[in-house]
Amino acid sequence: MPVTTYLDAIKDGIWEEMEKDDRVFVLGEDVGIYGGAFKVTKGMLDRFGPMRVIDTPISESAIVGAAIGAALVGMRPVAEMQFIDFISCCFDQIVNFAAKCRYRWGAGVPIVVRGPCGGGVHGGPFHSQNPESYFFNVPGLKIVCPSTAYDAKGLIKAAIRDPDPVLYFEHKFLYRRIKEDLPTDDFVVPIGKAALRREGDDLSIITYGAMVYKALEAAEELSKTGLDVEVLDLRSILPLDEEAILATAKKTSKVIVLHEATMTGGPGGEVVARIAEKAFEYLDGPIVRIAPPDTPVPYSPTLEEAFLPQTRDIVAAARKLAAY
Amino acid sequence: MVERQAVPVRKSRFAHVPDDGAKLKMLHFMKLVREIEDRIERKLYRQGRIVGGVYVGRGQEAISVGTAIHMEKDDVVAPSHRDMGVFLMRGITPRRIIAQYMGRRAGLTRGRDGNMHMGDMDYNVIAFVSHLGDNVPVAAGAALAFTQRGEKRVALCYNGEGATSRGDWHEGLNLASVHKLPVVYFINNNAYAYSTPMELQMAIPDVAIRASSYGIPGEIVDGNDIVAVYDAAKRAIDRARSGLGPSLVEFKTFRMTGHSAHDDAGYVPPALFEEWQRKDPILRFEKALVDEGVLTPARIEEMQKECAAMIDDAVDWAEQQPFPAPEEVTRDVYYEGK
Amino acid sequence: MSEYTVSAPASLTLDRTGYLELYYFMVLNRKLEERLGILYRQNKVVGGLYSSLGQEACSVGSAYALERGDFLAPMIRNLGAMLVRGVKPVDVMAQYCARAIGPTGGKDLNLHFGWIDRGIISPISMLAALVPVMAGIALEMKMKGKQNMAITYVGDGATSTTDFHEGMNFAAVQKVPLVVVVENNLWAYSTHVSRQANVVDLVVRAEGYGCYGEIVDGNNVLAVLDATRRARARCVAGGGPVMIEAKTFRRKGHAEHDDAGYVPQEQRAEWEKKDPIDAYRRLLLARGLVTGEPEITEIDAKITAILEDAANVALAAPFPDPSTLMENVYG
C-alpha cells in the first residue's frame with residue numbers, strides 16, 4: 001500500500017482512468033510539457049501523447065467549451081483551471097451550456113472541470129478563492145470537494161465516469177500535506193455521499209475541504225474537556241447528502257456548519273436551511289455557521305490568518321453552543 | 001405578394017458547381033425553409049399559436065442550405081438561430097420543429113426550450129444557447145474529438161456577425177487554428193445584430209478580415225447566391241476534412257425581418273429592404289433554373305404547393321400533440337439512465 | 001556575431017536628461033527585482049515573485065511616453081512602468097513583503113496595486129481583463145474631450161483571451177485613445193507562442209479589429225518610447241486604438257519558483273546577448289550622453305543606496321493589523 005499525497009491521488013486517479021478508457025483526455029494551460037502548474041499532470045504527456053494531454057492557449061472559455069463539444073461526441077474530457085479562481089472566465093460555458101444541455105435537448109455533457117481552490121498559501125485574492133457558491137444554484141451541475149487522498153482519488157474517478165458535468169475543487173493547501181496509504185485496487189467514491197470523520201454524541205460539525213482538518217483538531221481539543229464532537233465531511237456540495245446532514249443533526253441536536261467560502265451566500269446557508277426545515281424539533285440550540293467574513297481573500301499573513309477560520313474559533317463556538 | 005424583378009445571378013466560374021439533382025434539392029429545401037418560417041412568423045405567431053418568441057432567417061436561406069448540403073451523416077453541426085435549413089437538411093422533420101415552436105412534448109426539446117434553441121445528437125445537431133458565440137469552442141471540441149480518434153468527420157459552426165464580437169468566438173477560433181482542427185466557421189453577415197448595424201459592431205467592413213488573425217483562410221461570398229455558397233462551403237469543408245484546419249467563410253446577406261417577430265426593424269432604412277428584396281436568393285435561383293431549362297414555372301408552382309402541404313401537415317400534427325406534463329419539469333436535469 | 005546595438009529612431013526627440021532618466025528607470029527596475037530576489041530567498045517576500053528581466057525597455061520606454069492625465073494599467077512584468085509613473089521602491093518592497101505600509105495594506109500581492117490620482121489602475125490576475133477596463137477609461141477621455149490616452153500591457157498569452165478580444169473590438173469601434181502594448185516574450189508559463197496562436201506576429205490582429213498596429217524591438221528602449229509617443233499622438237488625435245507588438249524575451253521563469261527548464265538554452269543565450277540595459281549603456285557612452293563610466297557608476301550607486309533604504313524601511317514595517325481586514329470592502 002503506497003503512501004500517496006492528496007495531489008498524487010488526483011494524478012493517479014486521472015491516470016488510471018486514462019489507461020482504461022481512451023475517451024478520457026486532459027486539456028488546460030501548461031498541463032502537458034510542464035505537467036501542470038502544481039504537477040498534477042506530470043508525466044502524462046510522455047505516457048499518453050499530445051492528443052490526450054493538450055496544452056491550450058490562455059482561454060478558459062475555449063478550454064471548457066471545447067471540453068463540452070468533445071463530450072457531446074463521446075469523449076470524456078478533464079479540463080484543468082490552473083487556479084480555480086479562473087473558472088469565472090468560463091462561467092458562461094459552464095452554467096449556460098454544460099449545465100443545461102441534458103435538460104434542454106437530452107444531450108449529456110460528461111465533462112470534469114477541476115482545479116486548485118482555497119487559501120492559506122499567501123495567494124491573495126485571485127489564487128485563494130472557493131467558488132462553489134457561484135455554481136451551487138445551477139441545476140445540472142455537480143460539485144465535489146474532497147478532503148482526503150482517498151476521496152481525492154475516488155471522487156476524481158467518479159467525476160470522470162459521471163454522465164453529467166462535475167466541478168471538482170481540490171484544495172491546494174492539502175496537496176502535499178495530506179499523505180495516506182491508498183488501496184491499489186480500483187475504487188470510486190460516490191458523488192452525493194458524505195463521510196463521518198469522527199463520531200460523537202454532543203455536537204456536530206458539518207464541513208468539507210481543508211476545513212475538515214481544522215474541525216478534527218478542534219474536536220480533539222474539545223474531547224479533553226469532555227465534549228464529544230462528531231465531524232461530518234460533506235465531500236459533495238451538489239448534491240448535498242441530506243440524509244447524512246439530518247442524521248447527524250438529529251443525533252447530537254447541536255450543529256456547527258463550517259466552510260472556507262465566505263459567509264454570506266456560502267453553501268452553509270443551504271445546510272442550515274434544510275436542518276431548520278426538516279429537523280427543527282431535534283435541535284437544542286441555534287445552528288451556528290463559521291466561515292470567513294465577507295471580504296476578498298486577503299494576502300498578508302496577519303490578514304489571511306484573521307480571515308480564515310482557525311481551530312480556536314471553532315473550539316470557542318463549540319463551547320458556546322454546547323453551553324446553550 | 002409583389003413580384004419583384006430578381007437580380008440575375010452572376011455567371012462565375014466556381015470550382016464546385018452543383019449538378020441538376022443537387023440544384024433541385026437545394027431549391028426544394030430553400031423553399032421549405034421559407035415556407036415553414038413564413039408560416040411560423042407570419043401566421044402562427046400572429047395568431048397566438050406559438051409559445052414564446054420567433055426568430056427567422058428570411059432572405060438567408062441560401063446560407064444554411066448551400067452549406068448543409070455537403071454534410072456527411074457523421075459530420076456535426078452547431079447552427080445558430082437563422083439556420084433552419086440545417087435542421088431540415090439533417091432530416092429533422094417539420095412536424096418536430098413546429099411542435100418545438102408550440103412547446104409540445106413532441107418537439108425536439110420536449111418543451112424545455114423554445115424556437116431555434118433545439119438540437120438532437122442522433123442527427124449530430126448541437127443545440128445552440130442564447131449566449132451567441134458559445135458554440136464556437138464547442139464546435140472546436142467536437143472537431144478535436146475527431147482528430148483524437150482519427151475520424152474523417154468535420155464540425156460546422158454558424159454565427160451571425162454580431163456573435164463575432166464575443167470573446168468565446170475569439171478563443172474558439174484561436175484554439176481551432178492552433179490545433180488545426182477540422183471545423184469550418186460560417187458567418188451569416190446579415191448586416192444587423194438586432195438594431196446594431198455593422199459600423200457599431202466592429203471597426204472593419206468584413207468579418208473575413210479576422211481570418212488572418214488566426215492564420216487561416218478567410219473568404220467573402222455572396223450569401224444570396226446559392227451556387228456561390230455551395231462552392232465556397234465545399235472548398236472549406238474539404239479543406240477541414242483533409243486535415244488542413246479551419247476556415248472562416250463570410251456570407252454577405254441581409255436580414256429581411258426584424259431581429260425577432262416582435263421587432264418591426266424600424267431602425268433599418270426601407271431602401272435597404274427594397275435593394276435586398278431584389279436579390280432574394282430563392283427568386284434568383286428559380287429564375288436561373290428556369291433560364292437553364294432545369295425547371296419550369298409550373299413545376300416551381302408545384303414545388304411550392306408541395307412545401308405548403310408539408311407544413312400544413314406539420315402544423316396539424318403539432319397542434320394535436322400534448323404539452324409536457326407538469327411532473328416532467330424535474331426530469332432529466334441529470335442522467336436518469338436510458 | 002555582431003554585437004546587439006540600439007539606436008534612436010529618426011522621429012525621436014529627447015534631451016540628455018531624458019536619455020539619463022530612461023537609463024535610471026531601467027536600472028532601477030532591474031536592481032529592484034534583483035533585491036526582491038534576495039528577499040525572496042531570505043523568505044521575506046510573501047507569495048510569488050515575478051520578474052521582468054530582459055523586458056525593462058518595454059516597460060520603461062512605453063511608460064516614459066505618458067503625459068499628465070494619462071492612465072496606465074501595468075501587468076505583472078511592468079514594474080518599470082510603475083516606477084516611471086512615480087511608484088517608489090519602498091512601495092513595491094512593502095507590498096511584496098506583505099507589510100501594512102504597502103499600497104494595498106497587505107490585501108493583495110506583487111504588482112496588484114494602483115493609484116487613481118497617479119493614473120495607475122491595478123491589475124487582477126485574470127489576463128487581459130484590463131483591456132476592456134482601460135477602453136472604458138479611454139472612452140471617458142474621448143467623451144470629455146481630454147487630450148489623454150490610456151495604456152495597458154498584455155503578454156502573448158493574454159491575446160488569446162475573451163477579454164482581449166472584446167476589449168480591443170470595443171475600443172476600435174468606439175475609436176477611443178487606447179494603446180495596448182503586446183509584449184511578445186515568446187513564453188506564457190510553459191507555453192511557447194507557437195502553441196498560443198497560429199500567427200508569428202500577433203500585431204496582425206490589429207487588422208482584425210480595424211486599428212493601427214506596429215512591431216517594435218522591445219529591447220530598444222528608444223524605439224519603444226518613440227513607438228509609444230507616435231501611438232499616443234495618433235489615438236489622442238482620434239485615430240482609434242493602437243496595438244504595439246514589442247518583440248522581447250522572458251529571461252527567467254514564469255515566476256521565481258519556475259526554473260523554466262522547458263526553454264531551450266540556445267534561445268536563452270541568444271537573447272542574453274540582446275540585453276536592453278547593456279546595449280543602452282553602450283549607446284550612452286558611444287554618443288557621449290554620459291561623461292564616461294564614472295557617471296554610470298554614480299547612477300548605479302545611487303540606485304543601490306535607494307534600494308538599501310527601501311529594504312530597511314520595508315522590513316522594519318509591521319504586518320497589517322487584523323482589525324483592518326474588513327476595511328474597504330465597501331465605501
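Got a sec? Which of C:Gly106, C:Gly119 is under 28 Å from A:Leu303 (Cβ atoms), in contact (Cβ under 8 Å) with a residue 12 or more places away in the chain and either surrounded by 23 or more Cβ atoms within 10 Å (Cβ to Cβ) or charged (D, E, K, R) (or both)? Reasoning before the result, please.
On the way: C:Gly119 fails: either surrounded by 23 or more Cβ atoms within 10 Å (Cβ to Cβ) or charged (D, E, K, R) (or both).
Among C:Gly106, C:Gly119, only C:Gly106 is under 28 Å from A:Leu303 (Cβ atoms), in contact (Cβ under 8 Å) with a residue 12 or more places away in the chain and either surrounded by 23 or more Cβ atoms within 10 Å (Cβ to Cβ) or charged (D, E, K, R) (or both).
Scan the range C:136-159 and tell me whether some residue there is touching a Phe, Trp or Tyr at 6+ places or on another chain (Cβ under 8 Å), within 14 Å of chain A (Cβ to nearest Cβ) and part of a helix (DSSP H, G or I).
Yes, because at least one residue in the range C:136-159 is touching a Phe, Trp or Tyr at 6+ places or on another chain (Cβ under 8 Å), within 14 Å of chain A (Cβ to nearest Cβ) and part of a helix (DSSP H, G or I).
Looking only at residues in the range B:70-103 that are small (Gly, Ala, Ser) and in a helix (DSSP H, G or I), which one is surrounded by the fewest Cβ atoms within 10 Å (Cβ to Cβ)? It would help to see each step written out before you state the result.
Kept after step one, since they are small (Gly, Ala, Ser), are these residues of the range B:70-103: B:78, B:80, B:85, B:91, B:99, B:103.
Of the ones still in play, those that are also in a helix (DSSP H, G or I) are B:85, B:99.
Numbers: B:Gly85: 28, B:Ala99: 26.
Going through the qualifying residues, I end up with B:Ala99.
Condition first: within 30 Å of B:Thr164 (Cβ to Cβ) and not acidic (Asp, Glu). Can you find one or more residues in the range C:113-121 that meet it?
yes
Please go through (1) within 27 Å of A:Ala152 (Cα to Cα); (2) in contact with an Asp or Glu (Cβ under 8 Å, 6 or more places away or on another chain) for A:Lys254 and return the number of the only condition it doesn't satisfy.
Failed condition: (1).
Sort through A:Ala62, A:Ala98, A:Ala70 and tell me the only one that's under 18 Å from B:Gln148 (Cα atoms), out of contact with any Phe, Trp or Tyr (no Cβ under 9 Å at 6 or more places or on another chain) and either outside the structural domain of A:Gly123 (by TED's automatic domain parsing) or not aromatic (Phe, Trp, Tyr) (or both).
A:Ala62
crowded, with 22+ Cβ neighbours inside 10 Å, within 30 Å of C:His257 (Cα to Cα), in contact with a helix residue (DSSP H, G or I) (Cβ under 6 Å, 6 or more places away or on another chain) and in contact (Cβ under 8 Å) with a residue 40 or more places away in the chain: does that describe C:Leu79? First the steps, then the outcome.
Working: crowded, with 22+ Cβ neighbours inside 10 Å: yes; within 30 Å of C:His257 (Cα to Cα): yes; in contact with a helix residue (DSSP H, G or I) (Cβ under 6 Å, 6 or more places away or on another chain): yes; in contact (Cβ under 8 Å) with a residue 40 or more places away in the chain: yes.
Considered against the rule, which asks whether it is crowded, with 22+ Cβ neighbours inside 10 Å, within 30 Å of C:His257 (Cα to Cα), in contact with a helix residue (DSSP H, G or I) (Cβ under 6 Å, 6 or more places away or on another chain) and in contact (Cβ under 8 Å) with a residue 40 or more places away in the chain, C:Leu79 comes out as yes.
Which numbered condition in (1) under 17 Å from B:Glu292 (Cα atoms); (2) surrounded by 17 or more Cβ atoms within 10 Å (Cβ to Cβ); (3) at pLDDT below 95 is the only one that B:Leu27 fails?
Of the numbered conditions (1) under 17 Å from B:Glu292 (Cα atoms); (2) surrounded by 17 or more Cβ atoms within 10 Å (Cβ to Cβ); (3) at pLDDT below 95, the odd one out for B:Leu27 is (3).
Having 3 or more residues that are more than 10 Å from every other protein chain (Cβ to nearest Cβ) and either touching a helix residue (DSSP H, G or I) at 6+ places or on another chain (Cβ under 6 Å) or within 20 Å of B:Trp169 (Cβ to Cβ) (or both) is the bar; report the helices (runs of 4 or more DSSP H) wholly within the range A:2-106 that clear it.
Filter on the range A:2-106 gives A:6-20.
Can you confirm whether the range A:142-158 contains a residue that is among the charged types (D, E, K, R), within 9 Å of chain B (Cβ to nearest Cβ) and without any contact (Cβ under 8 Å) to a residue 60 or more places away in the chain?
Checked against the condition, which is being among the charged types (D, E, K, R), within 9 Å of chain B (Cβ to nearest Cβ) and without any contact (Cβ under 8 Å) to a residue 60 or more places away in the chain, the range A:142-158 yields no hits at all.
Taking into account only those residues within the range C:97-117 that are more than 10 Å from every other protein chain (Cβ to nearest Cβ) and under 24 Å from C:Val45 (Cβ atoms), which is modelled with the lowest pLDDT?
For the range C:97-117, the residue satisfying everything is C:Trp115.
Can you name every residue in the range B:65-79 that is touching a strand residue (DSSP E or B) at 6+ places or on another chain (Cβ under 9 Å) and either without any contact (Cβ under 8 Å) to a residue 60 or more places away in the chain or away from every other protein chain (no Cβ under 14 Å) (or both)?
Of everything in the range B:65-79, those that are touching a strand residue (DSSP E or B) at 6+ places or on another chain (Cβ under 9 Å) and either without any contact (Cβ under 8 Å) to a residue 60 or more places away in the chain or away from every other protein chain (no Cβ under 14 Å) (or both) turn out to be B:Gly66, B:Thr67, B:Ala68, B:His70, B:Met71.
If a residue has to be more than 23 Å from A:Ala67 (Cα to Cα), crowded, with 18+ Cβ neighbours inside 10 Å and in contact with a helix residue (DSSP H, G or I) (Cβ under 8 Å, 6 or more places away or on another chain) to count, how many in the range A:159-179 make the cut?
Looking only at that region, the number is 3.
If a residue has to be part of a loop (DSSP other than H, G, I, E, B), of a type outside the set (Ser, Thr, Tyr) and farther than 23 Å from A:Val144 by Cα to count, how many in the range A:177-230 make the cut? Walk me through it before giving the result.
Filtering the range A:177-230 for residues part of a loop (DSSP other than H, G, I, E, B) gives A:177-178, A:182-194, A:199-202, A:208-210, A:224-228.
Still in the running and of a type outside the set (Ser, Thr, Tyr): A:177-178, A:182-183, A:185-194, A:199-202, A:209-210, A:224, A:226-228.
Filter once more, keeping what is farther than 23 Å from A:Val144 by Cα: A:200-202, A:224, A:226-228.
The total comes to 7.
Checking the structure you have, find out if any residue of the range A:105-121 is touching a Pro at 6+ places or on another chain (Cβ under 8 Å) and of a type in the set (Lys, Arg). Please lay out each step first, then the result.
Going residue by residue through the range A:105-121, those that are touching a Pro at 6+ places or on another chain (Cβ under 8 Å) are A:108-113, A:117.
From what's left, of a type in the set (Lys, Arg): none.
Checking the range A:105-121: not a single residue is touching a Pro at 6+ places or on another chain (Cβ under 8 Å) and of a type in the set (Lys, Arg).
Does C:Glu34 qualify as being surrounded by fewer than 23 Cβ atoms within 10 Å (Cβ to Cβ), of a type in the set (Asp, Glu) and free of Cβ contacts under 8 Å to residues at least 40 places away in the same chain?
Against the criterion (surrounded by fewer than 23 Cβ atoms within 10 Å (Cβ to Cβ), of a type in the set (Asp, Glu) and free of Cβ contacts under 8 Å to residues at least 40 places away in the same chain), C:Glu34 qualifies.
Restricting to the range A:31-66, and then to whatever is over 22 Å from the mean Cα position of the chain (by Cα) and of a type in the set (Asp, Glu), can you tell me which residue is surrounded by the most Cβ atoms within 10 Å (Cβ to Cβ)?
That would be A:Asp55.
Residue by residue through the range B:36-54, note down the ones that are in a helix (DSSP H, G or I) and crowded, with 20+ Cβ neighbours inside 10 Å.
B:Ile36, B:Glu37, B:Arg39, B:Ile40, B:Glu41, B:Leu44
Which ones in the range B:7-23 are of a type in the set (A, V, I, L, M, F, W, C) and modelled with pLDDT of 95 or more?
B:Ala22
The values are calculated or read from the model by the stated rules, or taken from the named source; none is laboratory data. As the structure is a computational prediction, the values presented were derived from the model and not from experiment. Cβ sites come from the backbone with ideal geometry, for glycine too, and all protein chains shown count toward neighbours.
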